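Only one structure is covered here, and it is reproduced in the block below.
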Amino acid sequence: MNSVAGINIVRFILLLLVQVLICNHIDFLGYINPYIYIIFIFLFPIREERLALLVVSFMLGMLVDLFSDSGGVHAAAAVSLAYIRPVLLKSSFGMLYEHQSIKFSTTDIGSLITYISLGTVIHHSILFSLEIFNISSILLVLEKTLFSSIFTIILSVLIIILFSRNRK
Amino acid sequence: MQQIFNFVIRNKTFLLFLLLFSIALALTIQSHSYHRSKFINSANFLTGGVYGTMNSVDQYFDLKTKNDILAEENQRLREQLLNTNTTLDSTYIDSSYAKEKYRVTIADVYKNSYSSVNNYLTLNKGKNDSIKRDFGVITSNGIIGIIDNTSKNYSTALSILNVKSKINAKIKSTNHIGSLTWDGKSPIYVQLEDVSQFAPVKVGDTIQTGGESSIFPKGIGIGTITSFESDISGDTYKIQVKLFNDMTNIGTVYIIENIDRTQISSLQNSTNE
């Protein structure tokens, strides 16, 4: 139990720092940034209380907002992702989730990619529609969502695979 | 009563989600309105400290470019000094007229963004260096933004690459004014709106700050005209301006305080009443 909490605290701090110090400044092609801090929400232990996940996600989003002067957009997107995570888990892992026996390091890669892609697209569409906050620039929202999602999905899957191999 | 409690307990996840989401939404909406004091900004002890540590490592990598920029600026200033028409005579300084109009503070940029539609910079000077809201921020090339929030040691500046930013500007060759805005697309171009159709607009002309705003001194460079078109109404031009500054690469900035600002704004307020 203690080591699970420890791993999550370290993951929280590391992902936050990597996000605000590196990923926020990539600006690929001028505006495409990955938002890899949501890996924390993806990998949060499934058996833990959902309320805890909501509060922790809110804090994580708020801290990212604090660093990037963006009001509350990351907090809103992160809380929404945390709230609908069970639905995503059920739709991408099916039976495994019902038995509460998902291990992210051993699941097959297909379901993992489905899970992360669905979550990322939902998170990013909320994030960018709140950030731009203007219905007439809906094309800009879709464009940013699409490109940033691709970037985030690739990076997140790579990071998850890379670090779960190491732990074995 | 019992039923209410049951309802709350049954839907506790959803209610907590609703609460947190509305807090975040409120902060977002508040951040979209200009000139409101914000709780969530990067001018604080935590973020300033983290960015400061990063900056102290980071700054060594571009020392050479920074030196080149400084040398270039020195050359330009020296040229200006040698070519001034008025010779300064030290014997005729009257202390009541020698009062300075602008105070300049140098600051390091700790964070700069240009990929969002609401971009801010974080600077390493704050209230302790008597930096206040609505001071101008420039570099040797041109304007950068306006100070928005300050804490003890840090401040955030509203970048000109922010859809909320609106700055008074004019065409250098004439005195036609307009307001400088950004459409959120490219970090190289900003837009000058509300320029009268009487203005002789030419591609390649320089755009400067107009002296009206009392934030920036008159005549600080902004950029050059690349294209222009008539507004839908046909009364005004909308001009594309290519910035002098590379907004994606800013190391050191100058914060400018107009010492007469309070006097000017109180005068304007009393006139408006």
- From the cross-link list B:LYS101/B:LYS172; B:LYS101/B:LYS242; B:LYS125/B:LYS238; B:LYS66/B:LYS164, the entries with a Cα-Cα span beyond 32 Å are B:LYS125/B:LYS238
- Message: Sorted from largest to smallest, which semi-axis lengths in Å does the alpha carbon gyration tensor of chain B give for its equivalent ellipsoid, taking the root of 5 times each eigenvalue?
- Response: 39, 25, 21
- Task: Can you bin region B:167-243 into rounded, prolate or oblate? Criterion: square roots of the alpha carbon gyration tensor eigenvalues sorted a ≥ b ≥ c, rounded for a/c under 1.5, prolate for a/b above b/c, oblate for the rest.
- Result: rounded
- Task: Rounded to the nearest 10 degrees, what's the angle between the helix B:12-31 long axis and the longest principal axis of chain B, both from Cα atoms, 0 to 90?
- Result: 10
- Query: Any idea what the relative contact order of chain A is, in percent, if you count C-alpha pairs under 8 Å spaced at least 6 apart?
  - Reply: 23
- For region B:192-249, run through the trypsin sites (Lys or Arg not before Pro) and keep only the ones in DSSP coil with at most 16 other Cβ atoms within 10 Å of their Cβ. B:LYS202, B:LYS218
- Let me have the relative contact order for chain B, percent, based on Cα pairs under 8 Å that are six or more residues apart. 17
- Query: Loop-only check: which GluC sites (Glu not before Pro) in region A:1-101 are DSSP coil with at most 14 other Cβ within 10 angstrom?
  - Reply: A:GLU48, A:GLU49
- Considering only DSSP states other than H, G, I, E and B, which chymotrypsin sites (Phe, Trp or Tyr not before Pro) in region B:148-239 qualify as loop sites with at most 11 other Cβ atoms within 10 Å? B:PHE198
- In degrees, nearest 10, the alpha-carbon axis of helix A:73-93 is tilted away from the dominant principal axis of the alpha carbons of chain A by 40
- Item | Kirkwood Rh and Cα Rg combined as Rg over Rh, evaluated for the protein assembly as shown | 1.05
- Task: Classify region A:55-99 as rounded, prolate or oblate, taking a ≥ b ≥ c as the square roots of the eigenvalues of its Cα gyration tensor: rounded when a/c is under 1.5, otherwise prolate if a/b is larger than b/c and oblate if not.
- Result: prolate
- Query: Distances over 23 Å make up what percent of all Cα-Cα pairs in chain A?
  - Reply: 36
- Starting at the first residue of region B:44-59, write each ³J(HN,Hα) from the Karplus equation 6.51 cos²θ - 1.76 cosθ + 1.60 with θ = phi - 60°, in whole Hz, x for Gly and Pro. 9, 4, 5, 5, x, x, 5, 5, x, 4, 4, 5, 5, 7, 5, 5
- Item | Alpha-carbon centroids, region B:101-130 and region B:206-228: separation in whole Å | 20
- Note on the structure: Looks like region A:35-123, by Cα gyration tensor root eigenvalues a ≥ b ≥ c and the a/c under 1.5 rounded cutoff (else prolate when a/b is bigger than b/c, oblate otherwise), is prolate
- Message: What is the angle, in °, between the Cα long axis of helix B:261-272 and the longest principal axis of the Cα atoms in chain B? Nearest 10 is fine, range 0 to 90.
- Response: 80
- Message: Under 15 Å between alpha carbons, and skipping anything fewer than 8 positions from A:LYS103 in its own chain: which aspartates and glutamates qualify?
- Response: A:GLU48
- Tell me, what ³J(HN,Hα) does each residue in region B:213-221 have, in order and in whole Hz, if you take phi through Karplus 6.51 cos²θ - 1.76 cosθ + 1.60 with θ = phi - 60° and put x for Gly and Pro? 7, 6, 8, 9, x, 6, x, 7, x
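Read the figures in this text as sums done on the coordinates, not as results from a lab. Keep in mind the model is a prediction, meaning the values are calculated, not measured. Glycine also receives a Cβ, built like all others from the backbone with ideal geometry; neighbour counts cover every protein chain displayed.
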